[in-house]
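The values are calculated or read from the model by the stated rules, or taken from the named source; none is laboratory data. These figures come from a predicted structure and were not determined experimentally. Cβ atoms come from the backbone with ideal geometry, glycine included; neighbour counts cover every protein chain shown.
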Amino acid sequence: MARYRGPKTKIARKFGEPIFGTDKSFEKKNYPPGFHGMNKRRRKSSEYGVQLKEKQKVKYMYGLLEKQFRNLFEKASASKGVTGEVLLQLLESRLDNVVYRLGIAPTRDGARQLVTHRHITVNGEVVNIPSHILKPGDIVGVREKSKSLIAITDALESNRAGGSGWLEWDRHEMQGKFLNRPEREEIPENIKEQLIVELYSK
């Protein structure tokens, strides 16, 4: 399966929340998609259905394919700590997500594009792999030639990293430091990670 590139509002409506960020279209139609819309009666989901829906939601949210997501889950399972929390920490430690959290891009999709187009550096070296997992102390910056890109300068005007306890942003140098993996309470997304653990543990 290829990465989803269709209408994002439709997916957000499917899950009943703006999983891709602020969405004016979702606010106008915050009910399930389809001809019958909010009048359609929905059958109660099974336990498996609820778990599967949560996993799909997180995959869409972070832009991962099934194989990538499964590999991260297995890595989290083999690590010390609570599996669900470690999984979220690994997702948050991905380079594309950190670029988004630092405010260099307005969305995770935008951040992924900046990384693949070689606009982002890690510890001074260009890294074009969005799934690259950062380590505490890594410095994520904007490549010198890319600092004047309108997409980047516009995004940085509404920098979101200021209130983050696990990221440090230097506006003058246009680079941020990955201090440590975030604690569960520092991840604002509405995710029930235990449902994902239960799904993969069957």
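Pull up region 86-100, narrow it to residues that are over 9 Å from the mean Cα position of the chain (by Cα) and in contact (Cβ under 8 Å) with a residue 24 or more places away in the chain, then point me to the one that is surrounded by the fewest Cβ atoms within 10 Å (Cβ to Cβ). Write out each step before concluding.
Pass one, region 86-100, residues over 9 Å from the mean Cα position of the chain (by Cα): 86-90, 93, 95, 99.
Imposing the further condition that a residue be in contact (Cβ under 8 Å) with a residue 24 or more places away in the chain reduces the set to 87-90, 93, 95, 99.
Values: 87: 25, 88: 25, 89: 22, 90: 18, 93: 21, 95: 24, 99: 27.
Only one residue tops the list, namely 90.
Can you name the condition, by its number, that residue 129 falls short on among (1) in contact with an Asp or Glu (Cβ under 8 Å, 6 or more places away or on another chain); (2) within 23 Å of residue 70 (Cα to Cα)?
The failed condition is (1).
Counting just the residues of region 122-154 that are over 26 Å from residue 58 (Cα atoms) and of a type in the set (S, T, N, Q), which one comes out surrounded by the most Cβ atoms within 10 Å (Cβ to Cβ)?
Among those that are over 26 Å from residue 58 (Cα atoms) and of a type in the set (S, T, N, Q), it is 146.
List the number of the failed condition for residue 128; all other conditions in (1) at pLDDT 95 or above; (2) under 30 Å from residue 50 (Cβ atoms); (3) in contact with a helix residue (DSSP H, G or I) (Cβ under 6 Å, 6 or more places away or on another chain); (4) not assigned by TED's automatic domain parsing to the domain that holds residue 47 hold.
(2)
Among the residues of region 89-138, count how many are of a type outside the set (D, E, K, R) and in a loop (DSSP other than H, G, I, E, B).
We begin by selecting, within region 89-138, every residue of a type outside the set (D, E, K, R); these are 89-91, 93, 95, 97-100, 102-107, 110-111, 113-117, 119-124, 126-134, 136-137.
Narrowing the set further to residues that are in a loop (DSSP other than H, G, I, E, B) leaves 93, 102-107, 117, 119, 123-124, 127-132, 134, 136-137.
Within region 89-138, residues that are of a type outside the set (D, E, K, R) and in a loop (DSSP other than H, G, I, E, B) number 20.
Which number in (1) out of contact with any Leu (no Cβ under 6 Å at 6 or more places or on another chain); (2) in a loop (DSSP other than H, G, I, E, B); (3) of a type outside the set (S, T, N, Q) marks the one condition that residue 195 misses?
Looking at each condition in turn, residue 195 falls short on (2).
Restricting attention to region 63-82, and to residues there that are modelled with pLDDT of 95 or more, surrounded by 18 or more Cβ atoms within 10 Å (Cβ to Cβ) and not aliphatic (A, V, I, L, M), which single residue is farthest from residue 195 (Cα to Cα)?
Result: 69.
For residue 108, state whether it is of a type in the set (Lys, Arg) and under 23 Å from residue 189 (Cα atoms). Step through it out loud before you land on a result.
Working: of a type in the set (Lys, Arg): yes; under 23 Å from residue 189 (Cα atoms): yes.
Yes; evaluated as a whole, the condition is true for this residue.
Just give me the residues in region 43-76 being farther than 18 Å from residue 189 by Cβ, assigned to a helix (DSSP H, G or I) and either without any contact (Cβ under 8 Å) to a residue 12 or more places away in the chain or acidic (Asp, Glu) (or both), in sequence order.
47, 49, 66, 67, 71, 74
Kindly provide the set of residues from region 116-143 that are of a type in the set (A, V, I, L, M, F, W, C) and without any contact (Cβ under 8 Å) to a residue 12 or more places away in the chain, ordered by number. Write out each step before concluding.
Of region 116-143, the ones of a type in the set (A, V, I, L, M, F, W, C) are 120, 122, 126-127, 129, 133-134, 139-140, 142.
Those that are of a type in the set (A, V, I, L, M, F, W, C) and without any contact (Cβ under 8 Å) to a residue 12 or more places away in the chain: none in region 116-143.
With (1) among the β-branched types (Val, Ile, Thr); (2) in contact with a Gly (Cβ under 9 Å, 6 or more places away or on another chain); (3) crowded, with 23+ Cβ neighbours inside 10 Å as the list, and residue 107 as the residue in question, which single condition is left unmet?
Here residue 107 meets the rest and fails (3).
When you go through 112, 108 one by one, which is the residue that is closer than 18 Å to residue 128 by Cα, at pLDDT 95 or above, out of contact with any Leu (no Cβ under 6 Å at 6 or more places or on another chain) and in the same structural domain as residue 173 (by TED's automatic domain parsing)? Show your work before the answer.
Details: 108 fails: at pLDDT 95 or above.
Step by step, each of 112, 108 is checked, and only 112 is closer than 18 Å to residue 128 by Cα, at pLDDT 95 or above, out of contact with any Leu (no Cβ under 6 Å at 6 or more places or on another chain) and in the same structural domain as residue 173 (by TED's automatic domain parsing).
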